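The values are calculated or read from the model by the stated rules, or taken from the named source; none is laboratory data. Since the model is a prediction, treat every value here as computed from it, not as a measurement. Cβ: placed from backbone, ideal geometry, glycine included. Neighbour counts: every protein chain shown.
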Amino acid sequence: MKYTYTEKKDTRSGFGAGLAELADKNPNVVALCADLIGSLKMEKFIEKAPERFFQVGIAEANMMGLAAGLTINGKIPFAGTFAEFATARVYDQVRQSIAYSGKNVKICASHAGLTLGEDGATHQTLEDIGLMKMLPGMVVINTCDYNQTKAATLAVADYEGPVYLRFGRPVIPVFIPEDMPFEIGKGILLQEGTDVTIVATGHLVWESLLAADELEKQGVSCEVINIHTIKPLDEEIILKSVEKTGRIVTAEEHNYLGGLGESVSGMLARRRPTPQEFVAVHDQFGESGTPAELMHKYKIDSFAVIDAVKRIMSR
């Protein structure tokens, strides 16, 4: 297997490390939090720049309004809370105060998807990518490991405009090289193959690599692409791959309605119709359980990717 790891870390810690680096690197960066400093790993930023941190309490809608206002004087606000509370709870404020006027706010959403685990369905969000990608001008990023999340955090500070940065709670392999460049809107070809294209995002990138490794032993050659930016979508890297393989599997920790798979299928329908299978949650809410248990039950792990590849190969 080309990609291996020596340690495991949560992606939210990658965000915290990137934000702490920005405390020194960019004096215009400010941080806001809705009573979740520890969960968002903001402690280091606060230690370095306490005058640039705003604790708004359990008032997420107010936080989005404050963040929008801070941009008017040239500040770059990073507003952090759980993904469910950064989207569904505050959608009106994000739409009206941030997206509509193109405010330079970075919405930093932790504990996304099913893998926050035992907190259960009310805290799990499987609709957030769909909600945010529909907002005109909103960039949507979903990172796959600690290193990529840190790199993305640094990159979005240099991007002018609203960004939704999605990351998670579970400890997962760190497999992306620390020095790999992060370019908004550009996918990464992780592994070349000839039989099927696997396009994955977030926690499903590692699961897809595991699946590709197992499928190789069974004689199936998988091309694996990491789509860390869902909007704008890197159409060319996907088109180039399916021209070769002729079939595609999309994999994500999100509802299949509104997520990466839907973006890919819409693009392919316009530009190159291609057989596709979806690895995603199928129109369900989550429940309490460990991340691994939930990923297996809702069919968004490496076993589900293997099954999807076998289905697409038989079509």
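Quick check on ILE46: is it surrounded by 23 or more Cβ atoms within 10 Å (Cβ to Cβ), aliphatic (A, V, I, L, M) and over 30 Å from TRP206 (Cα atoms)? Answer is no for this residue.
Name the residues in segment 103-148 that are part of a helix (DSSP H, G or I), of a type in the set (D, E, K, R) and closer than 17 Å to GLY168 by Cα, would you?
Just the residues of segment 103-148 that are part of a helix (DSSP H, G or I), to begin with: 117-119, 128-133, 146-148.
Checking the rest, the ones that are also of a type in the set (D, E, K, R) come to 118-119, 128, 133.
Answer for segment 103-148, where residues must be part of a helix (DSSP H, G or I), of a type in the set (D, E, K, R) and closer than 17 Å to GLY168 by Cα: GLU118, ASP119, ASP128.
The set of residues from segment 1-38 being modelled with pLDDT under 95 and hydroxyl-bearing (Ser, Thr, Tyr) comprises TYR3, THR4, TYR5, THR6.
Being among the charged types (D, E, K, R), within 24 Å of the chain's Cα centre (by Cα) and part of a helix (DSSP H, G or I) is the filter; apply it to segment 52-100 and report the residue that is surrounded by the fewest Cβ atoms within 10 Å (Cβ to Cβ). Going through the qualifying residues, I end up with ASP92.
Within segment 284-315, restricting attention to residues that are of a type in the set (Gly, Ala, Ser) and part of a helix (DSSP H, G or I), the residue that is farthest from ASP128 (Cα to Cα) is SER314.
Okay, residues lined up against (1) under 22 Å from GLU262 (Cα atoms); (2) out of contact with any strand residue (DSSP E or B) (no Cβ under 6 Å at 6 or more places or on another chain):
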{"residue": "VAL105", "(1), (2)": "no, no"}
{"residue": "GLY117", "(1), (2)": "no, yes"}
{"residue": "ALA121", "(1), (2)": "no, yes"}
{"residue": "ILE129", "(1), (2)": "yes, no"}
{"residue": "TYR146", "(1), (2)": "no, no"}
{"residue": "LEU165", "(1), (2)": "yes, no"}
{"residue": "PRO177", "(1), (2)": "no, yes"}
{"residue": "GLY185", "(1), (2)": "yes, no"}
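Within segment 200-255, the set of residues being over 16 Å from MET313 (Cα atoms) and β-branched (Val, Ile, Thr) comprises THR201, VAL205, ILE225, ILE227, THR229, ILE230, ILE237, ILE238.
Taken together, the residues in segment 1-23 that are closer than 12 Å to ALA151 by Cβ, over 15 Å from the mean Cα position of the chain (by Cα) and not aliphatic (A, V, I, L, M) amount to 2.
Counting only residues that are assigned to a strand (DSSP E or B) and free of Cβ contacts under 8 Å to residues at least 40 places away in the same chain, which one in segment 177-228 is nearest to THR245 (Cα to Cα)? My answer is GLU223. Taking segment 214-249 as the range and being in contact with a Cys (Cβ under 9 Å, 6 or more places away or on another chain) and charged (D, E, K, R) as the test, only GLU216 passes. Condition check: touching a His at 6+ places or on another chain (Cβ under 8 Å) and farther than 23 Å from SER101 by Cα. Does SER13 satisfy that? It is false that SER13 is touching a His at 6+ places or on another chain (Cβ under 8 Å) and farther than 23 Å from SER101 by Cα. LYS41 meets all of the listed conditions (1) part of a helix (DSSP H, G or I); (2) crowded, with 19+ Cβ neighbours inside 10 Å but one, namely (1).
Determine if segment 201-216 includes at least one residue that is surrounded by 17 or more Cβ atoms within 10 Å (Cβ to Cβ), small (Gly, Ala, Ser) and under 12 Å from the mean Cα position of the chain (by Cα). Yes. The single condition among (1) crowded, with 23+ Cβ neighbours inside 10 Å; (2) under 30 Å from ALA212 (Cα atoms) that ALA31 does not satisfy is (2).
Does at least one position in segment 156-176 carry a residue that is over 25 Å from GLU287 (Cα atoms), of a type in the set (Gly, Ala, Ser), in a loop (DSSP other than H, G, I, E, B) and modelled with pLDDT of 95 or more? Break it down into steps so the answer makes sense when it comes.
The first filter runs over segment 156-176 and keeps only residues over 25 Å from GLU287 (Cα atoms), leaving 156-163, 174-176.
After this cut, where a residue has to be of a type in the set (Gly, Ala, Ser) as well, the list is 157, 161.
Next, from what is left, pick out any that are in a loop (DSSP other than H, G, I, E, B): 161.
Adding the requirement that they be modelled with pLDDT of 95 or more leaves 161.
Yes, segment 156-176 contains at least one residue that is over 25 Å from GLU287 (Cα atoms), of a type in the set (Gly, Ala, Ser), in a loop (DSSP other than H, G, I, E, B) and modelled with pLDDT of 95 or more.
I'm trying to understand the selection: among the residues of segment 262-283, which are free of Cβ contacts under 8 Å to residues at least 24 places away in the same chain and loosely packed, with under 15 Cβ neighbours inside 10 Å? Of everything in segment 262-283, those that are free of Cβ contacts under 8 Å to residues at least 24 places away in the same chain and loosely packed, with under 15 Cβ neighbours inside 10 Å turn out to be GLY266, ALA269, ARG270, PRO273. Of the residues in segment 245-261, at least one is part of a helix (DSSP H, G or I) and crowded, with 24+ Cβ neighbours inside 10 Å. Taking the criterion of being among the aliphatic types (A, V, I, L, M), more than 22 Å from ALA68 (Cα to Cα) and assigned to a helix (DSSP H, G or I), the only residue of segment 1-33 that qualifies is ALA17.
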